[in-house]
Structure formats: C-alpha cells, structure tokens
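The values are calculated or read from the model by the stated rules, or taken from the named source; none is laboratory data. Note that this is a predicted model, so its numbers are computed, not measured. Cβ: placed from backbone, ideal geometry, glycine included. Neighbour counts: every protein chain shown. When the accessible area is computed, the model is the full protein with side chains, heavy atoms only, and any ligands, DNA or RNA have been set aside. Shrake-Rupley method; radii C 1.70, N 1.55, O 1.52, S 1.80 Å.
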Amino acid sequence: MKPKAILKFTAAARRVASASLPVFVGGECGASRSQSEAHRAGARARGGSPGRRRPTFRGAAMAALLGLLAFACAPVATAQSAHKTKSGLLVRDMTLGPEAWYHGTTVHRFVVENPTDLRRTVTISMPDRQYGQGGLESMTATVAVEGRSSASVAMPQPPVDFKGNHLFRIEERGTDPSSFNLEAEDFFALYYGSGKNILLPTVLLSRSLSAEDFGAAWHGQLEGVLKSAGQRTEDASYFKPLRFMREPEVWPREWVDYSAFDGCFVAEEDYRRLPAETRGALMDYAAAGGTVVLVNMRTLPPEWTTRLGGEAAPGQAVDGLQLGRFGFGHVALLENLDPQTWGGADVQNRLMTCLEHAGKPWMAQMGHRNYDMQDCLRDIPLGHDIGVPVNFFFFLLLAFAIVAGPVAVWLAAKHNRRMWLRWAVPAFGLIFSAVIFASILLVEGVTPTQRRQAITLLDQTTRQAVTIGAVGVYAPAALRDGLSFDYGTEIVPIRFGEEPGGRIVFGQRQRYLDWVPPRMAAFFRLRRSETRAERLVVERKDDGALEVVNALGAPIERLRLWDDAGLLHEAMNVPPGARQALRPVDKDVSPAQAQDVYAWMREYAYAVQEPGWSFAIRDKGARTSGFASAPRTYIAHLAGCPFLENPLGDRKTKGSDAALVAGRY
C-alpha cells in the first residue's frame, strides 16, 4: 500500500472516530482524495517532498479499523470537496480526474457559493506557491458571485505539471486569501518506484461497477502487457481504475473532462440516468479517440445509433462483447457482465487494444521523449527560417571589434585627439546595435508566423465533426495577448528540451500567455469534437451531371467524391462559396487501398505519435492512393483550416493553413 493510500484511510478512520458513524458509500470507502493530499501538499509548499507520516491511533480498535479500510478500499471519486474561505464563501471542487494522469486535460471545476447579500468578486488561482523551474506557472480565473447565489468556474489544465505546489488559492479584495488542496491528481511524474507506468490504462468506472473486481479481473491481462513490453510485471499492482461515485445526473457535460481517460466503463443502470448533455459528451469523447464501454447492454442506445449515421454499428457479440468504431475511437457493448472475470482473457484483450489505441498518440510525450525543434518543424512546417544567422552576426561583431578598437585608436592618434575615444567607442556601439536591430526588422519584421493543419472526419448526415490538428507559432517579439482558445479545444503543448510553461487566464476564452517566447517557435497539438454547419453541397443536374457548392469555409485544392452509385468524380480549385461541376473519373489511381477513404482516414490518422499527426504523409497518401468505392463519401484537400480556430484571432500573421476533410454526405 502506498503512503498516499494509507493517509487516505487514516483520515477516514479519524472521521469515523470523531463522528461515531461508518464512512462507506456504495460498499466502498468514501474518503475524499483531497483530504489525503494535505500532508503531501504541505511538504511541497515547504519546498520538500512528501514522505511517510506516522499515523496516530486511539486504541487497538482504531488500528483494526484502519487495517480493514486499508485492504478493503479501492480508489473512488466521491462527493465533491467543500471548503469555507476566511471571508465566509463556500467553494466546492467538482473536478473529475484519473488516479494516474498521463495525457489529456483535467478540467478543474469549482462552484462558489455566496451566503451573503452582497455581490462578491472572487479570484481562483493555482498553484498557491511557485517554485522550481519549468512547468505551468499559473492558472487564474475571476468570477462575480451575486448575493445568495452561486457561480461555476471551469479551469482546464493541459498535460503540464504545475511550477509549484498542488494547492489552489481563493482571493477577495480586502480579505486574506485562503488555500486548499486540489481534488485532482498531479500530472504524471515518472520516477523509479512511483507506482506509475505509462502502459497501464487510465479507466473510469460508473458507480455501479466495482473497482476492486475490475482491478483483480484485469491483473493478469496487464501483467501480460507489461511483460511483452519488457516492463516489470509487478507494476500491474499499481493499476487504479477510478470509480466515480457521484450521481449520474451531475457527471461532467463536456467531452474534454473525460479526455484524460483511455476508457469509460458505464453500467446500464447508471447510463439510463445520465442527462442528454452527458451522453453527448461521452459520444464526443469516443469520436475524439476514446473508448466507451456500455456494460450489461445488448443494443446500442438510440442516440448512439443516430450519431453513427451511415456507419456500421458494433457487430455480432463474441463472448458477450460487441465492438465497433466510433469516429477516431471505439464503442463497445458488454453483455451479462460477470464481475469476477470481466469477460475473460479474450474480451479483455480486445478491449485492451482499444484502450491502447486511445493513448497511443500521446505515448511519446507520456514516455518523456523530447521532440527537438527539427522534429516539430518537419511535421508542422512554419515555412520560416527561425535559425539564428550566426555568420552574419559573427562578421558584424568582428567589424565592430576592428572599427571600435584598432581603427578608432589609429584615427585618434593620427589627429592627435585621443579624447575622442571617450565618445567614439560608445558611438560605434550604438551604430552597430542599430544595424543589428534594423537587420532583424528587415529580415523578420514584427508579424508573427503561424502554421495550422488539421485532419477532420465530417459526417454531414449528423453534422458532427471530429478534428485532430496542430498549430505552430513563431513571433519576433513577445505576443502581448498570447494565444486564445475556446473551451471546446483540447490543448497539448509540445515539449522539446525543458518542460513548456507559461500562464493561463480564464474568462470568456482560454488565454495562453508567455507560451511563445520571442524568436522561439512553440507548437501545440489540438483536438475538437463538435457539431458543425460546414458542408459540401452535392447536387445532381437534370442531365445527370454532378455539381458541388463549397460550403466548407476554405478553398478546395482538390476534391475526390464518390456518388450514390459509388462512381468517382473529381474537381480542382473550388473557391469558398463557389459552384463547380465535377468531372467523372473512369478509373481511380493505383495502387488501391482496401478501405474507402473515410474508413482509411479514421483508421490511420489518429494512432500516430508525431507532433503534427504526420499531416504531410496523410495528405500525400490521400492524393496518390486509390480507395475502395463507398457511396456518398469524399476527400477534400483544403488551402485553409476552418475546423481549427485561429489562436491569434484577428491579428495579422504570416504562414500557411492546410486541412484534410474526409466526409460523408
């Protein structure tokens, strides 16, 4: 048992002793994770590291109860943590996050309750104290809370660790700040004996499923995974599925809240109670690459069937498991669950393949592989030479040394004006500094350079789009307003060298400040899963010819489209909003792919580890490969990126945008 778990159960036992009441929820331990964080957070605040704390007990009965708790409990997320500030506000931490956080986003969610009649303005920030080098410097949000009411705050944290402790601060003007432990876990920290292994999946269980049974049933499967990868099989004991004990009605309603999990297992009785918004969030999560397993269900719920559109539903059950693709991810139905076996080895092996697929794009960064600048520039081409002109500056400094040294002394001696040296050398320094500054302005200017690229699966029949993409930014000078994203975008800063860092300010949008140092490129991987209105309008004329109207929001460089009969048509250079006739193609290029273009993109675009999702390879493959015929599908190469927002907003930029859209209509 890890020290953290022991401290959890110690806290639970102390509450039992003080309240003389059992602390159990749904048959499992109901102690909140944040209470076990106090010792660890306090150690961090003092600049040290957490260690074991010798628990104190009140008698032999207390020790016996502690032992039972320590061996009987599994990780659970229970009722939210509630904190009372020094000014009387009540703050509830509603965050959902895995026990071991390797990738994705943890959305810190708070509800601030104001018991007074006055309007209160509150600032929430984290970490409470900063120390160390590298990492997320701060996250800040300010909210106004009317009297006798409450307000909600969402603060998405990218997969970057804090540059400081694991506490958040509540501040009001004129009052002393209050600090409390965060409900969510730290971002993944890899060190020997940490009990963390990136090959262990992160799993969320609904409240009707047992984390103990799940962990015991999957232990052998996980040992096999670790053994085949040359890892220690003992690490399988560290697998901690998170049982979410909150009522289904209050589950998060945004897909980004689930992005840190490789899989979400939801029992039928819990799924039936989920609001429509939460069901939609789980579908968005699966479409973005995640895995959703619906337990004790034989048929796919109607909202999932509708969302599939023309795509095939999960096939016939094998050993009680139906498994199918859903966007970039998977959806599965597990019938008649036996909690002792969880379907057996074959079922677990098939589900493990899905969980590994969900985490595969992040394995490089999870494994602490540092991309170098050339990796990023190769996969996300900024189209800008960001190298330092070493030769130019060397010869410029050499010229300065000669002019300000021997030349200046010789001129002063020749004219017998040695006092001139007192102003000549500084004057030459100013002149050469001006030359350097002017040369930089002439070569680079002050306009930032940006590259956006994206791959989108667009189902026009359901108006659903899921996008994976990347953005690279290079700025000659500091970006005062930083980068701006909305709350529907998952943002993953790409690490090369030291840990990326900066500040995040939350308001109507997320503002990433100081993440793009002057004259240094910064790169981000992005994901979106949403409802979109963009489309390709396809019309059949009276003479049988096909016409398209480009309503995708960007110029189409090349379009290949398969009509109702599966016949291939092509068009080139279609401006936004323009109508153009399609040209029939007698035979597709070879060699032919075994899959249609939509299935091909879904299969191969997501599971890559390169920083820019290997966009250039996918683009070339889509241009040169032939595909199996599939009615009412198309592939469009865009000279723009309409499905990713512009993080620089309306600011003037240089650079290029590109996108691939595999669609169904």
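Could you list, ordered by first residue, the pairs with Cβ atoms under 8 Å in which the first is in region 459-472 and closer than 12 Å to GLU534 by Cα and the second is surrounded by fewer than 24 Cβ atoms within 10 Å (Cβ to Cβ) and of a type in the set (Asp, Glu), at least 6 apart or interchain?
Partner pairs satisfying both residue conditions: ASP459/GLU311; GLN464/GLU530; ALA465/ASP459; ALA465/GLU530; ALA465/GLU534.
What do you reckon, is HIS415 farther than 30 Å from VAL203 by Cβ, in contact with a strand residue (DSSP E or B) (Cβ under 9 Å, 6 or more places away or on another chain) and at pLDDT below 90?
For HIS415, the condition - farther than 30 Å from VAL203 by Cβ, in contact with a strand residue (DSSP E or B) (Cβ under 9 Å, 6 or more places away or on another chain) and at pLDDT below 90 - is not met.
Is there any pair with a first residue in region 549-568 that is outside any strand (DSSP E or B) and a second that is among the acidic types (Asp, Glu) whose Cβ atoms are under 7 Å apart and which are 6 or more apart or on different chains, and what are they?
LEU552/GLU534; GLY553/GLU534
Of the residues THR461, THR447, THR489, which is of a type outside the set (Phe, Trp, Tyr) and in contact with a Ser or Thr (Cβ under 8 Å, 6 or more places away or on another chain)?
Result of the check over THR461, THR447, THR489: THR447.
Taking only region 226-238 into account, find how many residues are open to solvent by 20 Å² or more (accessible area, probe 1.4 Å) and in a helix (DSSP H, G or I).
Of the residues in region 226-238, 6 are open to solvent by 20 Å² or more (accessible area, probe 1.4 Å) and in a helix (DSSP H, G or I).
Within region 254-287, how many residues turn out to be under 12 Å from GLU530 (Cβ atoms) and among the β-branched types (Val, Ile, Thr)?
Residues that pass the stated criteria total 1.
Residue by residue, here is whether (1) touching a Cys at 6+ places or on another chain (Cβ under 8 Å); (2) modelled with pLDDT under 90; (3) open to solvent by 40 Å² or more (accessible area, probe 1.4 Å) holds:
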| site | (1), (2), (3) |
| --- | --- |
| GLY327 | no, no, no |
| VAL331 | no, no, no |
| THR341 | no, no, yes |
| ASP346 | no, no, yes |
| ALA364 | no, yes, no |
| GLN374 | no, yes, yes |
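In region 508-540, how many residues are touching an Asp or Glu at 6+ places or on another chain (Cβ under 6 Å) and without any contact (Cβ under 8 Å) to a residue 60 or more places away in the chain?
Of the residues in that region, 2 qualify.
Would you pick out the residues in region 464-481 that are open to solvent by 10 Å² or more (accessible area, probe 1.4 Å) and over 13 Å from PHE643 (Cβ atoms)?
Answer for region 464-481, where residues must be open to solvent by 10 Å² or more (accessible area, probe 1.4 Å) and over 13 Å from PHE643 (Cβ atoms): PRO476, ALA477, ALA478, LEU479, ARG480, ASP481.
Report, by residue number, each residue of region 227-240 that is under 18 Å from SER210 (Cα atoms) and either at pLDDT 95 or above or among the small types (Gly, Ala, Ser) (or both).
Residues satisfying the conditions are ALA236, SER237.
Does ARG511 fit the bill of being under 24 Å from SER625 (Cα atoms) and of a type in the set (Lys, Arg)?
When the stated conditions are applied, ARG511 does not pass them.
Give me the pairs, please: first residue somewhere in region 436-449 and at pLDDT 75 or above, second residue anywhere and open to solvent by 20 Å² or more (accessible area, probe 1.4 Å) and not acidic (Asp, Glu), beta-carbon distance under 6 Å, and either six or more positions apart or on two chains.
VAL446/PRO476; VAL446/ALA477; THR447/LYS652; THR447/LYS654; PRO448/THR653; THR449/HIS384; THR449/LYS654; THR449/GLY655
Going through region 322-368 one residue at a time, which ones are aliphatic (A, V, I, L, M), over 20 Å from PRO241 (Cα atoms) and not in a helix (DSSP H, G or I)?
Within region 322-368, LEU323 is the sole residue that qualifies.
Considering only region 72-154, give the strands (runs of 3 or more DSSP E) lying wholly within it that have at least 2 residues that are among the polar types (S, T, N, Q) and at pLDDT below 95.
none
Against the conditions (1) on the phi < 0 side of the Ramachandran plot; (2) of a type in the set (Gly, Ala, Ser); (3) free of Cβ contacts under 8 Å to residues at least 60 places away in the same chain, where does SER178 fall short? Just the number, please.
If we test SER178 against (1) on the phi < 0 side of the Ramachandran plot; (2) of a type in the set (Gly, Ala, Ser); (3) free of Cβ contacts under 8 Å to residues at least 60 places away in the same chain, just (3) comes out false.
Quick grid of which residues meet (1) open to solvent by less than 10 Å² (accessible area, probe 1.4 Å); (2) modelled with pLDDT under 95; (3) not hydroxyl-bearing (Ser, Thr, Tyr):
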{"residue": "TYR258", "(1), (2), (3)": "yes, no, no"}
{"residue": "GLU269", "(1), (2), (3)": "no, no, yes"}
{"residue": "THR278", "(1), (2), (3)": "yes, no, no"}
{"residue": "ALA286", "(1), (2), (3)": "yes, no, yes"}
{"residue": "ARG298", "(1), (2), (3)": "no, yes, yes"}
{"residue": "GLU311", "(1), (2), (3)": "no, yes, yes"}
{"residue": "GLY315", "(1), (2), (3)": "no, yes, yes"}
{"residue": "GLY320", "(1), (2), (3)": "no, yes, yes"}
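Determine which single condition ALA622 fails, assuming it passes every other condition in (1) open to solvent by less than 40 Å² (accessible area, probe 1.4 Å); (2) farther than 27 Å from TYR371 by Cα.
So ALA622 meets the others, but not (2).
Please go through region 154-170 and give me each residue that is more than 19 Å from the chain's Cα centre (by Cα) and crowded, with 19+ Cβ neighbours inside 10 Å, ordered by number.
Of everything in region 154-170, those that are more than 19 Å from the chain's Cα centre (by Cα) and crowded, with 19+ Cβ neighbours inside 10 Å turn out to be GLY164, ASN165, HIS166, LEU167, PHE168, ILE170.
Across region 595-607, which residue is nearest to the chain's Cα centre (by Cα) among those that are in a loop (DSSP other than H, G, I, E, B) and either buried (at least 19 other Cβ atoms within 10 Å of the Cβ) or without any contact (Cβ under 8 Å) to a residue 60 or more places away in the chain (or both)?
Taking the candidates together, the pick is TYR606.
Can you find, within region 172-185, the residue that is modelled with the lowest pLDDT among those that are crowded, with 19+ Cβ neighbours inside 10 Å and part of a loop (DSSP other than H, G, I, E, B)?
GLU185
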